[in-house]
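The values are calculated or read from the model by the stated rules, or taken from the named source; none is laboratory data. These figures come from a predicted structure and were not determined experimentally. As a convention, Cβ positions derive from the backbone with ideal geometry for all residues, glycine included, and neighbour counts pool all protein chains shown. Heads up: the accessible areas ignore ligands, DNA and RNA and are worked out on the full protein's heavy atoms, side chains in. Shrake-Rupley method; radii C 1.70, N 1.55, O 1.52, S 1.80 Å.
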Amino acid sequence: MPDAARLLAAYDREVRRAELTQAEPGQQLTVDGPLARLTGGRRGFVSGPPDLGVTGGPLDELIARQRAFFAARGEEFEWKTRSHDRPAELPERLLAAGFAPEETETVLVAPLDAVAASAPPSTDVVVREADSCDDLLRIATLSASVFGHDEAAVAADLLARARADAGTTTHVVAEADGRFVAASRLELVPGTRFAGLWGGATLPEWRGRGLYRALVAHRADAARARGVAYLQVDALPTSRPILERLGFTAVTETTPYVWSPLSR
């Protein structure tokens, strides 16, 4: 089996199955036929197996039930799709039902032993794991600066997740001149051999200096220490070439489709 097909099979078998059975701290999972729904997060979330097993009218009914469920809660939600999923008509059915697509990302997977090492970005930058509540507050400040997020809301979310975390999340930061200039996180997927790389944020003036590669390498080391076998990333086009040079393989694409009660 080619590497990409083998890695995709492992991703579907482990990560996708975990999506259908596991809730993050503070979230609640319910099941509707082939789908899993998560509530209690920033917004609702719906995911399914690689093959939903329904088409046409029954698929439209399944979609309508999810809209009704979240409409009753007054809650926006995301339906996460992958380009290799079946039925192939799912995206067009979601569009017809009033969902809006967000940016498509490439799913890349790497066996840990294939991830290339990366030299420290420079002598004036320290890459380390966050180890205190103060560090989490500083990550919130960075996120607000880079993405325009509400700093207080990000801080509250990070602190709440840290209190509920069972040791599956590791935040890694790059620090220079007494401030965080980049941050990211490693999330173990319980019950699997996978961990995900998420949450990358780098100050604009610090981009192009090797921080992204350094943060990936540091998280790979942290994953090895925790017994992980595979790393997975949902990457934007700007990150994909870097990840491929580091040993990652593109296996599929993922597009979130979002529905909001305000769009009705």
inquiry  = Could you list, ordered by first residue, the pairs with Cβ atoms under 6 Å in which the first is in region 194-207 and on the phi > 0 side of the Ramachandran plot and assigned to a strand (DSSP E or B) and the second is among the polar types (S, T, N, Q) and open to solvent by less than 50 Å² (accessible area, probe 1.4 Å), at least 6 apart or interchain?
reply    = 199/184
message = Let me confirm something: among 42, 16, which residue is on the phi < 0 side of the Ramachandran plot and in a helix (DSSP H, G or I)?
response = 16
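For (1) open to solvent by 10 Å² or more (accessible area, probe 1.4 Å); (2) farther than 14 Å from residue 142 by Cα, each residue gets a yes or a no:
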{"position": "175", "(1), (2)": "yes, no"}
{"position": "182", "(1), (2)": "no, no"}
{"position": "185", "(1), (2)": "yes, no"}
{"position": "199", "(1), (2)": "yes, no"}
{"position": "208", "(1), (2)": "yes, yes"}
{"position": "213", "(1), (2)": "yes, yes"}
{"position": "217", "(1), (2)": "yes, yes"}
{"position": "226", "(1), (2)": "yes, yes"}
{"position": "243", "(1), (2)": "no, yes"}
key: Every residue from region 104-113 that is loosely packed, with under 15 Cβ neighbours inside 10 Å and in contact (Cβ under 8 Å) with a residue 12 or more places away in the chain   = 104
ask   = Applying the selection to region 54-65, what residues are part of a helix (DSSP H, G or I), of a type outside the set (A, V, I, L, M, F, W, C) and at negative phi?
value = 57, 58, 60, 61, 65
request  = Give just the number: which of (1) open to solvent by 40 Å² or more (accessible area, probe 1.4 Å); (2) under 30 Å from residue 242 (Cβ atoms); (3) in contact (Cβ under 8 Å) with a residue 24 or more places away in the chain; (4) not hydroxyl-bearing (Ser, Thr, Tyr) does residue 60 not satisfy?
outcome  = (2)
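Could you tell me which of the residues 181, 172 is touching a His at 6+ places or on another chain (Cβ under 8 Å), β-branched (Val, Ile, Thr) and within 23 Å of residue 245 (Cβ to Cβ)?
172
Residues are listed down the side, and each one gets a yes or a no for (1) hydrophobic (A, V, I, L, M, F, W, C); (2) more than 19 Å from the chain's Cα centre (by Cα):
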residue	(1), (2)
197	yes, no
201	yes, no
205	no, yes
219	no, no
232	no, no
239	no, no
243	yes, no
request  = Any residue in region 9-29 that's exposed (fewer than 14 other Cβ atoms within 10 Å of the Cβ): show its pairings with residues that are in a loop (DSSP other than H, G, I, E, B) and modelled with pLDDT under 95 at Cβ separation under 7 Å, as long as the two are six or more apart or on different chains.
outcome  = 26/40; 28/40
inquiry  = Which condition from (1) charged (D, E, K, R); (2) at pLDDT 95 or above; (3) in a helix (DSSP H, G or I) is the one that residue 213 breaks?
reply    = (2)
remark   = Filtering region 19-39 down to residues that are within 22 Å of residue 108 (Cβ to Cβ) and either assigned to a strand (DSSP E or B) or among the polar types (S, T, N, Q) (or both) yields 22
request  = Could you list, in sequence order, all residues of region 125-152 that are of a type outside the set (Ser, Thr, Tyr), in a loop (DSSP other than H, G, I, E, B) and open to solvent by 40 Å² or more (accessible area, probe 1.4 Å)?
outcome  = 131, 148, 149, 150
ask   = Is at least one residue of region 66-79 under 18 Å from the mean Cα position of the chain (by Cα) and either in a helix (DSSP H, G or I) or hydrophobic (A, V, I, L, M, F, W, C) (or both)?
value = yes
One residue from 122, 118, 83 being within 25 Å of the chain's Cα centre (by Cα) and open to solvent by less than 50 Å² (accessible area, probe 1.4 Å) = 118
request  = Specify which of the listed residues (243, 159, 262) is in contact with a strand residue (DSSP E or B) (Cβ under 7 Å, 6 or more places away or on another chain) and either within 22 Å of residue 42 (Cβ to Cβ) or not in a strand (DSSP E or B) (or both).
outcome  = 243
